[in-house]
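Report on one structure; see the data block that follows.
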Amino acid sequence: MTKIMPHNYHPIQTLGPLCSGLDIQSYPDHWDTLQTCPINQLQIDSRKVGQNDLFIAVKGFEADGHAYLEQVARQGALAAVVEVPHPHVDLPQIVVQDSRAAVADLASQYYDHPSRQLELCGITGSNGKTSTSLLYRQIIQTAGWPCGLIGTVAYEDGRSKVTSSMTTPDALDLQRYLRNMVQEGYAHAVMEVSSIGLHQNRVRQTRFAQAALINLSQEHLDYHGSMEAYFLEKSKLLKGLDEEGVAVLNVDDPWSISLADQVSARVLRFGLSDQADVRADKLDLSTGFASFDLCIEPENFLASAKRKPQTAFDLNTIEAGSYPVKLQVPGLHSVYNALAAITLALCQGISPKVCAQAVGAYQGVERRFQELYHGDFRIFDDHFANSKNIDMTLKSLAEMDYQQLVMVYAIRGKRGPKVNRENIQTLNRWLPQLKMRAFIPSLSQDTVGHYDEVQAEEIAVFQEEMQHNHMPYTLYDQLETALDQALAQVQPGDVILLAGCQGMDAGGRLILQKLAEKDPDRREDILAPLQGRVCGW
């Protein structure tokens, strides 16, 4: 794979140049002396502060960095960046209006603005960010280039692969990962960008060459308060693109396509409708795994996209026509994810044939309508995060050929009555259409942690909404008991759907282990989908 030459990088060594872009005050007022002091590292975790580090005090959900100023002073901090000065602490303090914004500004400056030296692709949306980012990376790698990754599954920067702690890392870690990519000679990177990450300024000072809003549905409303506020945060990613950037929008999603006239960047549209610049034609979902013709409208595409200097492929060679695609990942949502990734990759000068080849080889990410077992019956696993995700998954199921459906459903804990009500209402609309053999709900008390325990008001909402249909059910406390019930009731030709977010993370592992115990001769094959699995361990 081709690498570019590493960029010469020398971290800023004194406080003055580092803070040159900030609107600051110093407390006590001896900035003339302080600004020439050498810095070791930037830190936002008080436990990691060492001699001559600059500590940035951030107000978090469960802790306020300002409460640890005395501690970091004892540990040898050079100074602290604060929103409110603490006169009783014997430590120089640099006062800013917003310490979260300061983290991003300082980190980008400290690491010499690495995003400006990358073709960085940002992907946001309620559903499909992970799959779309991995599809995009597979296309880039198939074309022969390494590609950094920052997202829900992992952070990979060319030096290490780290299991993600959150979709969008804090600004300090983010800029460090991007700098590592540049130092390793990477020209390309893809990043999932969450609404919370945008709201908390984690991607401030990060330049994206292109970005996609793949869809929007009700999610994180406990944090944002309303769909309008949620959309406002998501839209910041695309509105932040400059005129040389490309905004990739889903023509079939009203929230996404509404940004077409609101961005400075050039716009490309993907989807199933004729208005899309990159679309799927002759779509066949009868097996659950889509096949379609990839159709590109060159005139529209060339009006928006540009050739990138490091690519060898000339966009002007794109010809009208169609390119056959067959996916190895199931569901209609996978078609949209593939189209989004292809549209983004075409902006990098990658040929449609390479794009089609790469997405056809992609084998998926766990818990995104993932097929775990295909024997006398089939098992699919989906994270059922929100109503749109549920809609897309069950629409795909409705188009599949199977005898009857056994659904094990994990109520989503600590997400509030509103999210759970919307999820069950969406589920109720589909249950009559799904040839149900059994509906088996669970509280997953044996598998979830403190932050995902189902609350009494969430159980009450579930029970209230289930009264509106005539589906018999028993609510099980333990996920393992619910899975036992599913295996006891499934028949040849049926489908078992493991449906639920955090409460179902362990479901795939548990049910495959149960099948392997019953059929020890096939144990290795049955457990193969668990290789490399992150969820539920």
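The values are calculated or read from the model by the stated rules, or taken from the named source; none is laboratory data. Worth saying up front: this structure is predicted, and the values here are computed from it rather than measured. Cβ: placed from backbone, ideal geometry, glycine included. Neighbour counts: every protein chain shown. The area values use the complete protein model at the heavy-atom level, side chains included, leaving out ligands, DNA and RNA. Shrake-Rupley method; radii C 1.70, N 1.55, O 1.52, S 1.80 Å.
Please note which helices (runs of 4 or more DSSP H) are completely contained in region 189-279 and include at least 1 residues that are of a type in the set (D, E, K, R) and open to solvent by 30 Å² or more (accessible area, probe 1.4 Å).
Details: elements: 195-199, 221-224, 227-239, 254-257.
Hits in region 189-279: 221-224, 227-239.
Are any residues in region 295-327 at pLDDT below 90, under 27 Å from Pro146 (Cβ atoms) and not aliphatic (A, V, I, L, M), and if so, which ones?
Hits for region 295-327 are Phe301, Ser304, Lys306, Arg307, Lys308, Pro309, Gln310, Thr311, Phe313, Asp314, Asn316, Thr317.
Enumerate the pairs (first residue in region 222-244 and of a type in the set (Ser, Thr, Tyr); second residue anywhere and open to solvent by 60 Å² or more (accessible area, probe 1.4 Å) and modelled with pLDDT under 85) with beta-carbon separation below 7 Å, excluding pairs fewer than 6 apart on the same chain, so at least 6 apart or on different chains.
Sorted first by the residue in region 222-244, then by its partner, the pairs are Tyr230/His220.
I'm trying to understand the selection: among the residues of region 220-252, which are at pLDDT 90 or above and either over 18 Å from Leu198 (Cβ atoms) or of a type in the set (S, T, N, Q) (or both)?
Listed by number, the residues that qualify are Ser235, Val246, Asn250, Val251, Asp252.
Could you list all residues from region 145-180 that are part of a loop (DSSP other than H, G, I, E, B) and open to solvent by 20 Å² or more (accessible area, probe 1.4 Å)? Walk me through it before giving the result.
First, the residues of region 145-180 that are part of a loop (DSSP other than H, G, I, E, B): 145-146, 151-153, 157-160, 164-170.
Answer for region 145-180, where residues must be part of a loop (DSSP other than H, G, I, E, B) and open to solvent by 20 Å² or more (accessible area, probe 1.4 Å): Trp145, Thr152, Val153, Gly158, Arg159, Ser160, Ser164, Ser165, Met166, Thr167, Asp170.
Inside region 368-382, can you point out the residues that are touching a helix residue (DSSP H, G or I) at 6+ places or on another chain (Cβ under 7 Å) and either at pLDDT below 95 or not aliphatic (A, V, I, L, M) (or both)?
From region 368-382, those touching a helix residue (DSSP H, G or I) at 6+ places or on another chain (Cβ under 7 Å) are 368-369, 372-373, 379, 381-382; that's our starting set.
Correct list: Arg368, Phe369, Leu372, Tyr373, Asp381, Asp382.
Can you tell me which residue within region 1-23, out of those that are hydrophobic (A, V, I, L, M, F, W, C) and modelled with pLDDT of 75 or more, is surrounded by the most Cβ atoms within 10 Å (Cβ to Cβ)? Explain how you work it out, then say what you get.
Start the filter on region 1-23 by keeping residues that are hydrophobic (A, V, I, L, M, F, W, C), which leaves 1, 4-5, 12, 15, 18-19, 22.
Adding the requirement that they be modelled with pLDDT of 75 or more leaves 15, 18-19, 22.
On the way: Leu15: 22, Leu18: 19, Cys19: 25, Leu22: 16.
If we take residues in region 1-23 being hydrophobic (A, V, I, L, M, F, W, C) and modelled with pLDDT of 75 or more, then Cys19 is surrounded by the most Cβ atoms within 10 Å (Cβ to Cβ).
Please pick out the residue among Thr167, Thr163, Thr206 that is touching a residue at least 40 places away in the same chain (Cβ under 8 Å), more than 21 Å from Asp112 (Cα to Cα) and not charged (D, E, K, R). Outline the logic, then answer.
On the way: Thr167 fails: touching a residue at least 40 places away in the same chain (Cβ under 8 Å); Thr206 fails: more than 21 Å from Asp112 (Cα to Cα).
Only one candidate qualifies: Thr163.
Quick check on my filter: what residues within region 491-509 are touching a residue at least 60 places away in the same chain (Cβ under 8 Å) and open to solvent by 20 Å² or more (accessible area, probe 1.4 Å)?
Correct list: Gln491, Pro492, Gly493, Gln502, Asp505.
Can you tell me which residue among His113, His88 is over 20 Å from the mean Cα position of the chain (by Cα) and free of Cβ contacts under 8 Å to residues at least 24 places away in the same chain?
Numbers: His113 fails: free of Cβ contacts under 8 Å to residues at least 24 places away in the same chain.
The unique qualifying residue is His88.
Residue by residue through region 184-216, note down the ones that are modelled with pLDDT of 95 or more, within 16 Å of Ser256 (Cβ to Cβ) and small (Gly, Ala, Ser).
Hits for region 184-216 are Ala211, Ala212.
Do you know which residues across region 504-537 are closer than 24 Å to Lys161 by Cα and not in a helix (DSSP H, G or I)?
Within region 504-537, Asp505, Ala506, Gln531, Gly532, Arg533, Val534, Cys535, Gly536, Trp537 meet the criteria.
Go through region 491-527 and report how many residues are over 30 Å from Trp430 (Cβ atoms) and either touching a Pro at 6+ places or on another chain (Cβ under 8 Å) or of a type in the set (Asp, Glu) (or both).
Step one: list which residues in region 491-527 are over 30 Å from Trp430 (Cβ atoms), which gives 516-525, 527.
Those left that are additionally either touching a Pro at 6+ places or on another chain (Cβ under 8 Å) or of a type in the set (Asp, Glu) (or both): 517, 519, 521, 524-525.
Residues that pass the stated criteria total 5.
Would you check which residues across region 31-48 are among the charged types (D, E, K, R) and either open to solvent by 80 Å² or more (accessible area, probe 1.4 Å) or in contact (Cβ under 8 Å) with a residue 24 or more places away in the chain (or both) and list them? I'd like the intermediate steps shown before the answer.
Looking only at region 31-48, we keep the residues that are among the charged types (D, E, K, R), and these are 32, 45, 47-48.
Within region 31-48, Asp32, Arg47, Lys48 meet the criteria.
Going through region 280-301 one residue at a time, which ones are surrounded by fewer than 21 Cβ atoms within 10 Å (Cβ to Cβ), out of contact with any Asp or Glu (no Cβ under 6 Å at 6 or more places or on another chain) and either of a type in the set (A, V, I, L, M, F, W, C) or more than 29 Å from Leu394 (Cβ to Cβ) (or both)? Before you say what the answer is, go through the steps one by one.
Start the filter on region 280-301 by keeping residues that are surrounded by fewer than 21 Cβ atoms within 10 Å (Cβ to Cβ), which leaves 281-287, 289, 291, 293, 295, 297-301.
Imposing the further condition that a residue be out of contact with any Asp or Glu (no Cβ under 6 Å at 6 or more places or on another chain) reduces the set to 283-284, 286-287, 289, 298-299.
Answer for region 280-301, where residues must be surrounded by fewer than 21 Cβ atoms within 10 Å (Cβ to Cβ), out of contact with any Asp or Glu (no Cβ under 6 Å at 6 or more places or on another chain) and either of a type in the set (A, V, I, L, M, F, W, C) or more than 29 Å from Leu394 (Cβ to Cβ) (or both): Leu283, Phe289, Pro298, Glu299.
Considering Val454, Val406, which residue is of a type in the set (A, V, I, L, M, F, W, C) and closer than 16 Å to Ala506 by Cβ? Let's see the steps before the verdict.
Details: Val406 fails: closer than 16 Å to Ala506 by Cβ.
Exactly one of Val454, Val406 is of a type in the set (A, V, I, L, M, F, W, C) and closer than 16 Å to Ala506 by Cβ, namely Val454.
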